[in-house]
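Remarks on the structure that follows.
The values are calculated or read from the model by the stated rules, or taken from the named source; none is laboratory data. As the structure is a prediction and not an experimental result, all values here were calculated from the model. FYI the Cβ positions are ideal-geometry reconstructions off the backbone, even for glycines, and counts take in every protein chain you see.
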Amino acid sequence: MKQLIKISQVKSNPNNPRLIKNDKFKKLVKSVQDFPEMLELRPIVVDENMIVLGGNMRLKACIEAGLKEVWIEVADLTEQQKKEFTIKDNVGFGEWEWDMLANEWQSDLLGDWGLDVWQQPVEVDYSILDEEDVAEQLQGMTDGVKKAIQIEFEAEHYEQAYELVKFWRERKAYVGGMIMECLKEAKNRL
C-alpha cells in the first residue's frame, strides 16, 4: 500500500550496486524539485524494515532537494526476492527509438529530464588551415592538454577511488603523475 511518510524513516540500501554521479544526480534533484508529483506516481519501494529496494537514488535526490516527506510502497518479499528486485528495478531492458525522439520531442527538454541526447554539431572554422604556420599554431593549441586513459576498479573499490581522485584534483594535484609513480615503483619491485 502506498503511503506518505517522513523521509527520515526511510533507510538507504547499503547493498544497492547502482550509482549516480555529478551531472546526472543534479538532473535527478532538479527533476524532483520541478515535478514532485512524479514521486507519488512512482513511490520508493521499501522492505518491512524501511530499507530501500527500488529508488535509492530518488531517495538521495529527495534528501538533497530538502523534501521532508516521501511516498513509499512496502513490499513483502523474501530475502532472495529483495535482491532480485534491487537489480531488476535498475535494469533497462528497452531501448530508445532515437528517430522518434529526434522528430517528435524537444532535445533540450529531454536533456533537462535526464536523458542523454545528441548535441547539435559545432560549426568549425577551417580557414585557419589555409595559413602557412598551421603546425606552429596547432602545437600552441595542444600545449598543456592532458590525455586520459580508463582505469578499471572492482565495484567495492570504485567509490573510494573516485573520492581519492576528487580529493587530489581539488588540490590541483597531477593525479596521472601520482599514479605513474606508484606504478613505476611497483614495476621496479618485480
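Values computed for the structure shown
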read-out	value
Filter pass, Pro36 being surrounded by 14 or more Cβ atoms within 10 Å (Cβ to Cβ) and either closer than 18 Å to Trp113 by Cα or not β-branched (Val, Ile, Thr) (or both)	yes
Tabulated pairs, the range 40-57, first within 18 Å of Glu79 (Cβ to Cβ), second basic (Lys, Arg) and part of a loop (DSSP other than H, G, I, E, B), C-beta under 8 angstrom, 6+ apart or interchain	Asn56/Arg18
Residue satisfying condition, being of a type in the set (Asp, Glu), touching a residue at least 24 places away in the same chain (Cβ under 8 Å) and under 24 Å from Ala155 (Cα atoms), within set Asp116, Asp23, Asp89	Asp89
Search result, residues across the range 1-33 that are buried (at least 18 other Cβ atoms within 10 Å of the Cβ) and outside any helix (DSSP H, G or I)	Val10, Asn13, Asn16
Residue that is surrounded by 12 or more Cβ atoms within 10 Å (Cβ to Cβ) and at pLDDT 90 or above, where the choices are Ala65, Ala102	Ala65
Every residue from the range 166-180 that is surrounded by 11 or more Cβ atoms within 10 Å (Cβ to Cβ) and more than 23 Å from the chain's Cα centre (by Cα)	Ala173, Tyr174, Met178, Ile179, Met180
Complete set of residues in the range 143-190 that are more than 28 Å from Arg18 (Cβ to Cβ), in a loop (DSSP other than H, G, I, E, B) and of a type outside the set (D, E, K, R)	Gly144, Val145, Ala173, Tyr174, Leu190
Selection from the range 70-86 of residues that are surrounded by 14 or more Cβ atoms within 10 Å (Cβ to Cβ) and within 24 Å of the chain's Cα centre (by Cα)	Val70, Trp71, Ile72, Lys82, Phe85, Thr86
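A quick yes/no check of all residues on (1) of a type outside the set (Val, Ile, Thr); (2) more than 17 Å from Lys68 (Cα to Cα):
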site	(1), (2)
Met1	yes, yes
Ile5	no, no
Val10	no, no
Asp23	yes, yes
Lys26	yes, yes
Gln33	yes, no
Pro36	yes, no
Leu39	yes, no
Pro43	yes, no
